Amino acid sequence: LYELKDQPFPIVMQQVFATGVPYYGYEEKAILIINGKEEVTYYNYVCQPYTEVDNTISGITILANEVTDQVLVKKQIEASEKRFSNILSQSLMAVCILKGRELVVTSANDSMLEMWGKGKNVIGKTLIKVLPEIKDQPFLKLLDDVYTTGIPFATPEIKAIINRNGKMEESYFNLVYQPYSDVDDSITGITILATEITGYVLAKKQIEESEKQFR
């Protein structure tokens, strides 16, 4: 494997041989010549010193597992998520991504942050920590149903009471909860798409009340 001479592996093996300390590599890239063609591959591996009965190091044992397909799939997912995040940030619709059953906010565009009345410090927090006031409202149950069943949920003019900028406000939204899946089709999170229509709903209620009084 002459092609490895300018890659980090010879240095790693020299260090293991000199120190006797094993080295554990995780998803490390190796450029190899396979069937006459240069290919980028990835490995999980261990370099383990081989010792004699007097504890002198006489060689190195290498245990390796190729994970090229796994790494390439992960890179594709990361690239896809990055593209989606860029689209999300430019969207006029309020959009956020919740990961796992714990509903951790992994991404939220400016429209969603403004709708919540929150800053960017919400990223990495669970939804219930970001919006504790929704605990006794229907949203957490609806989200869990979507995560469990994989069936999207959509509703117009749903009411939400949100603490925005320190003030509890009654608001109305057109709302979509869309599950998203990993490569093995297991559900790993939920995308929320929302449009606030509070002004429209309140105006409609006012008109209906006026018509009722007129009648």
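The values are calculated or read from the model by the stated rules, or taken from the named source; none is laboratory data. Given the structure is predicted, the values throughout are model-derived calculations rather than measurements. Here the Cβ positions follow ideal geometry from the backbone for every residue, glycine too, while neighbour counts run over all protein chains shown. Just the protein is used for accessible areas: all its heavy atoms, side chains included, with ligands, DNA and RNA removed. Shrake-Rupley method; radii C 1.70, N 1.55, O 1.52, S 1.80 Å.
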For the chain, take the longest principal axis of its alpha carbons; what is the angle in degrees between that and the long axis of helix 9-19, to the nearest 10 within 0 to 90? 70
For helix 139-149, report the angle its Cα long axis makes with the longest principal axis of the Cα atoms of the chain; keep it between 0 and 90° and round to the nearest 10°. 50
Relative to the first principal axis of the alpha-carbon coordinates of the chain, what is the inclination of helix 68-90, with its axis defined by its Cα atoms, in degrees from 0 to 90 and to the nearest 10? 30
Determine the sum of side-chain charges near K204: Lys and Arg each +1, Asp and Glu each -1, restricted to other residues whose C-beta is under 11 angstrom from that of K204. -3
Tally Lys and Arg at +1 and Asp and Glu at -1 over the other residues with C-beta under 11 Å from the C-beta of F139: what net charge comes out? -1
Identify all lysines with a Cα-Cα distance to K82 below 16 Å; exclude those on the same chain that are fewer than 8 residues away in sequence. K74, K99
Note, I187: beta-carbon cut-off 14 Å, +1 each Lys/Arg, -1 each Asp/Glu, net -4
Which aspartates and glutamates, if any, have their Cα less than 17 Å from the Cα of K5, not counting same-chain residues under 8 positions apart? E28, E38, E39
Percent of accessible area on the chain owned by carbon and sulfur, 1.4 Å probe? 55
For T195 and E39, extending 7 Å from Cα along the Cα-Cβ vector and measuring point to point gives, in nm, a value of 4.9
Please report Rg over Rh for the chain, where both radii come from the alpha carbon positions and Rh follows the Kirkwood definition. 1.24
At R0 = 30 Å, how high is the FRET efficiency between T56 and K5 if r is their beta carbon distance? Nearest 0.05 is fine. 0.70
Selection of trypsin sites (Lys or Arg not before Pro), region 149-207, meeting DSSP coil and at most 15 other Cβ within 10 Å: none
Considering Cα pairs under 8 angstrom that are at least six residues apart, work out the relative contact order of the chain and quote it in whole percent. 12
